[in-house]
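The values are calculated or read from the model by the stated rules, or taken from the named source; none is laboratory data. Keep in mind that what you see is a predicted model, and the values were worked out from it rather than measured. Methodologically, a virtual Cβ is constructed for each residue, glycine included, from the backbone with ideal geometry; neighbour enumeration extends over all protein chains shown.
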Amino acid sequence: MNGKERMAAAMRLSEPDRVPAMCQLSLGHYFLNCDQSEIDIWHSTEAFGDALIALQRRYGFDGILVNLPGRDPNWRSYIERIDESDEGKIIHWRNGWHTVCPSDDNPHVYRQDDTRYFSTFEELEPNKLFYIEPHDLSGLSYPYGWGFSETPADERDFFPSWHFDTIDYVISRAGKEVSIHSEVFSPFTQFLELLDYTNGLVALIDDPVKTKACLERLARGAIDLGRKQAAHKVDAILISSAFAGAGFISPDQYREFVLPFERMVIDGIKAEFDVPIYTHTCGNIGDRLELIRETGTNGIDTLDPPPLGNVELADAKKRVGDTLFLKGNIDPVNVMLLGTPEQVFAEASRCIKAASTNGGYVLSTACSVPPQAPPENIVKLREAVDAYRA
Amino acid sequence: MSILEQLSEALIVGNATAVTRLTAQALEAGLLPQTILDEGLIAGMNVVGNRFRNCEMFLPEVLTSARAMKAGVAQIEPLLAAAGVKPAGKIIIGTVRGDLHDIGKNLVAIMLRGAGFEIIDVGVGVTAQKFVEAVREHHPDIVGMSAMLTTTMMQMKTVITALAEAGLRDRIKIMIGGAPVNNSFAEEIGADAYGRNASNAVEKARNLINSTKATEP
């Protein structure tokens, strides 16, 4: 089996020739460990695509998550100048905004008044929402427009063709051998990103009716994006739902504000495409694995173990492993970042033993691999799955 | 139910309008501002903290309680200042570089302010150099750092190292908090305390101030 076939088998709950290994790497990890500059990796389709493939090959992973959108090919034409600062490189855009690009973390866009843009809940009109892309070149906007355009995007043709360029780029170069996954932000994540987390969470209490109207609209955009990604032949789609764990909301709030809308997204994509869809929710999710399953997802990603989260992998396998594939459970901080290669190998072996029986498990860190995680630790994941097969 | 109990209850359910009204009523009734703060507002927020810790309340409810607390404290704070009540201590608080999450930091700041501390909020994405500059400018008793991301928590160690290199580490206490950190991480990076939630952060800050006073010549 190659990586693509191996991942497909695991995601469909059958038994591959060995446990596949595939991690989501933080963007900072690409910045620190690839030849291209952080500015190019963030802003250029080709540079990011090359970085994704380079680290997949270096670490021997069976899949790649394309977790930035394709970029406007003309992005350089919007730049006025680039400065150096203590915080990293600063891109000054022609419209007066600037992007701070740290050498090891995600860039962020600031407007003329030196603040990041967030919408207010009061100004939101649900029917003007469709999809929020937090990683757009120019950050967030409402009503949503791409890049520095002042014209809101029309939902009848919302996603520019270049939005899918990175997927095409990576599939054309690595898609025959490894599994290529795309990312769609869950309606709940989009909502919180647009409003800022505090205001978004308070809105659940202040006006649940309007909140749900917003989420319903954002689900439509997520369906549209997921279908288009599937049409571009991704092997799986990850629903990024980072704020749906117990660190943020209760199981009841999950049932009210997350579950119906993620189910809409998953049902909407699956109505047209038979593509595996899995859900990435961080932190304490041990109390809601069954709720996550009710969204119709095919798998759960992260599964943070104590102390970062509260998921015991063997318990998760017993509870939902008959219907969902599981991916993750290696502590990204205490093992991948701060641990030794031997500890990584031991933890990887523990996870494989706990969850790989009858297939349906992908060896992975729980959340993203931290920027400073030593590459010699990461390669141990692949060594562990090879050793287990042997 | 006494007016202070009503005040606590209104805060627990996150009713800022009722908290504003009841705080005003309590003041009109002649209750001391410090009493209203301690036995009404902070007492209510302690209940919120405990329920949050026990997973009986979650962030949306906690944030509405914090909003109500802020409304009450806004009425009390000027009266305490006018009466010459000295702050319990001065704390610089911020979220470390690379991390723009401010929920936890803001909750802790609200609770500390309510508990009588002077708070200098240096914001989010704060570099080690900015923490050093803020310490030089404001001479705090405590520096509080927050991180929500596993990718940014190591910045806390960078800040502590920078404070040491600037010769400032021995003059201050350092507290940390945030989803991915814990007590052993605090010890490992050389912080003086870890606050597991906003209420606990107040307790730890008081302990740090008391320990400093106890060792003063």
Among the candidates B:Gly72, B:Gly84, residue that is of a type in the set (Gly, Ala, Ser), farther than 23 Å from A:Ala244 by Cβ and not in a loop (DSSP other than H, G, I, E, B) = B:Gly72
task = Output the number of the condition that B:Gly30 fails; it satisfies all remaining conditions of (1) at pLDDT 95 or above; (2) surrounded by fewer than 18 Cβ atoms within 10 Å (Cβ to Cβ); (3) within 14 Å of chain A (Cβ to nearest Cβ); (4) outside any helix (DSSP H, G or I).
result = (3)
query = Among the candidates A:Gly70, A:Gly88, which residue alone is in contact with a helix residue (DSSP H, G or I) (Cβ under 9 Å, 6 or more places away or on another chain) and within 23 Å of A:Ile223 (Cα to Cα)?
reply = A:Gly70
request  = Quickly run through the range A:322-351 and pick out the residues that are more than 12 Å from chain B (Cβ to nearest Cβ) and among the polar types (S, T, N, Q).
outcome  = A:Thr323, A:Asn329, A:Thr340, A:Gln343, A:Ser349
ask   = Of all residues in the range B:132-156, which are surrounded by fewer than 19 Cβ atoms within 10 Å (Cβ to Cβ) and either of a type in the set (Asp, Glu) or modelled with pLDDT under 95 (or both)?
value = B:Glu133, B:Glu137
inquiry  = One residue is enough: does the range A:224-245 have a residue meeting the conditions within 17 Å of the chain's Cα centre (by Cα), modelled with pLDDT of 95 or more and of a type in the set (Phe, Trp, Tyr)?
reply    = no
Subset of the range A:78-130 (residues that are closer than 30 Å to A:Glu155 by Cα, away from every other protein chain (no Cβ under 12 Å), surrounded by fewer than 17 Cβ atoms within 10 Å (Cβ to Cβ) and not charged (D, E, K, R)) = A:Ile79, A:His92, A:Asn95, A:Gly96, A:Gln112, A:Tyr117, A:Thr120, A:Pro126, A:Asn127
message = Among the residues that make up the range A:278-287, is at least one of them more than 14 Å from chain B (Cβ to nearest Cβ) and over 16 Å from the mean Cα position of the chain (by Cα)?
response = no
Flag for A:Asp72 being more than 11 Å from A:Glu38 (Cα to Cα) and within 14 Å of chain B (Cβ to nearest Cβ) = no
Criterion violated by A:Ser26 - all others in (1) surrounded by 19 or more Cβ atoms within 10 Å (Cβ to Cβ); (2) touching a Gly at 6+ places or on another chain (Cβ under 8 Å); (3) among the hydroxyl-bearing types (Ser, Thr, Tyr); (4) modelled with pLDDT under 95 satisfied = (2)
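Quick grid of which residues meet (1) away from chain A (no Cβ under 12 Å); (2) surrounded by fewer than 23 Cβ atoms within 10 Å (Cβ to Cβ); (3) touching a residue at least 40 places away in the same chain (Cβ under 8 Å):
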site: B:Glu56; (1), (2), (3): no, yes, no
site: B:Ala71; (1), (2), (3): yes, yes, yes
site: B:Glu77; (1), (2), (3): yes, yes, no
site: B:Leu80; (1), (2), (3): yes, yes, yes
site: B:Val85; (1), (2), (3): yes, yes, yes
site: B:Lys90; (1), (2), (3): yes, yes, yes
site: B:Val96; (1), (2), (3): no, no, yes
key: Residue among A:Arg293, A:Arg220, A:Arg227 that is surrounded by fewer than 24 Cβ atoms within 10 Å (Cβ to Cβ), without any contact (Cβ under 8 Å) to a residue 40 or more places away in the chain and either assigned to a loop (DSSP other than H, G, I, E, B) or away from chain B (no Cβ under 12 Å) (or both)   = A:Arg293
note = Within the range A:244-277, residues being without any contact (Cβ under 8 Å) to a residue 40 or more places away in the chain, within 11 Å of chain B (Cβ to nearest Cβ) and among the small types (Gly, Ala, Ser) number 2
ask   = Restricting attention to the range A:170-209, and to residues there that are among the polar types (S, T, N, Q) and free of Cβ contacts under 8 Å to residues at least 24 places away in the same chain, which single residue is surrounded by the fewest Cβ atoms within 10 Å (Cβ to Cβ)?
value = A:Ser172
